[in-house]
Each structure stands twice: as structure tokens, then as C-alpha cells.
Amino acid sequence: MNFDFLTTLDAGIVQWMNAGLGHWHLFDVVLHGINSSPLAKGYLFIAVLWGLVARDRRHWLGDELFTLRWIGGLLIALIIARLLQDYGPTHQRPIANAALGLKAYVGSDPNYFRRLNSFPSDHAVEFVAMTMAIFHRSRLWGVLAGGWALSVIVLPRIYFAYHFPSDVIGGALIGWAVMHTALTVRLPESVGRRIAAIETRALGLL
């Protein structure tokens, strides 16, 4: 495999997307605001997940253990991403590489990103994983969540030069694989029975 070609392609896509930064100030401000807002990102996705759970009381914990599965899957995916960022091969953030000639969003300090590993994109890990969980309960909401995540959370990480496309793709694959496993792996029936019994006894807490 020609890794030099892939590296060049990776950098070329970032440069192509980042070239638009600064041409439409209002667009950049709104996009960066959404991309930086916990309310427009994690809180929104969690609210959708809780809403899907609440409309079908059987799946709060119940036989499928959906709530525990998606929370557990998300935590595992994020732990994997953090371990790769902290202990994986060093991969410099594009915005911190002066040789690429990229633009920085107003207020973004390239020096801050020099101490951060680029692979994988934890945003891609997190929001692809939650999109998978939402899609598992509702295809319509899953498609909407996926469109929102792609357009205002994941792709802007490349546009603002915070990540290379390979970081985003790698993060997306990790989030998808871990959440898919968490939602579909077979658990011993005894586990489901015990949790259902706990749910019955502690109904007022749920």
C-alpha cells in the first residue's frame, strides 16, 4: 500500500476544505458555534436517546438492556479513542503543521493543538456511536442524527483543520464497531433477569 499517496491525499482534502475558511464570516461563526456547543452536540443526542427510550417503556432496561448497552458502548468507544490518542503513534493535528499552510479560525490557537494527537477524532467516535444507537431504535431519527453529526460536527473538524479525513474515518469506524457490538452481543439470560429484577425493585429511581 502506498502510504505516501494516502498521506498526500489526506493533506490535500484538508487544504481543499480549509480553503473556504474566512470567505463567509457569518457561516464560519455559526458553524463554529454549533460545533463548539455541548447543547448542540452531546446534549441533543442524549435527549433524543432518552426520548426514544421513554416512548417504549419496555426498553428502559428490560430484556434488551438498551440503555445500559448504548451507555456502555459509548464509554468503551471513548476509552479506546483516548488510549489511541494518548499512547498511539504521534499524528500531528493539521492546524499545527505550518507546512500545510492552513487557515486557523479566529480565536483558535495552533499552538494549543501541537500537544494533541490527531488520531482518532474523538468527535467522530462519539457521535457515530450515538447515531448508531439512535438508528437502532428509530431509522428516521437515526438518519436525522447522522445528517446532523456529519454536517455540523464531523466534517467541520476537517474544515477548521482540527483533524485529517483519516482521523475522522478511523474514529467513525471505531464508534460504529464498538456500538454495533454493544447493541448486538448476546448476554447470558441470567444477566437480563437480574437487571429486570433490580429495575422492578427500584422502579421509582428510573
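The values are calculated or read from the model by the stated rules, or taken from the named source; none is laboratory data. Remember, it's a predicted structure, so these values are computed and weren't measured experimentally. Using ideal geometry, Cβ is built from the backbone for each residue, glycine included, and neighbour counts are taken over all protein chains shown. Ligands, DNA and RNA are excluded from the accessible area calculation, which covers all protein heavy atoms including side chains. Shrake-Rupley method; radii C 1.70, N 1.55, O 1.52, S 1.80 Å.
Side notes on the structure shown:
- Condition met for ASP28 (within 26 Å of ALA182 (Cβ to Cβ) and touching a residue at least 12 places away in the same chain (Cβ under 8 Å)): no
- Matching residues in the stretch 14-26 - criterion: being surrounded by 12 or more Cβ atoms within 10 Å (Cβ to Cβ) and either modelled with pLDDT under 85 or over 16 Å from ALA104 (Cβ atoms) (or both): GLY22
- For the stretch 128-151, the candidate set comprises residues that are in contact (Cβ under 8 Å) with a residue 24 or more places away in the chain and of a type in the set (S, T, N, Q); within that set, the residue that is nearest to ILE46 (Cα to Cα) is THR131.
- When TYR105, TYR87 are checked against the criterion of being at pLDDT below 90, farther than 22 Å from THR8 by Cα, surrounded by 18 or more Cβ atoms within 10 Å (Cβ to Cβ) and not basic (Lys, Arg), a single residue qualifies: TYR105.
- Of the helices (runs of 4 or more DSSP H) lying entirely inside the stretch 108-206, those containing at least 1 residues that are at pLDDT below 90 and open to solvent by 40 Å² or more (accessible area, probe 1.4 Å) are 110-113, 122-137, 165-184, 189-201.
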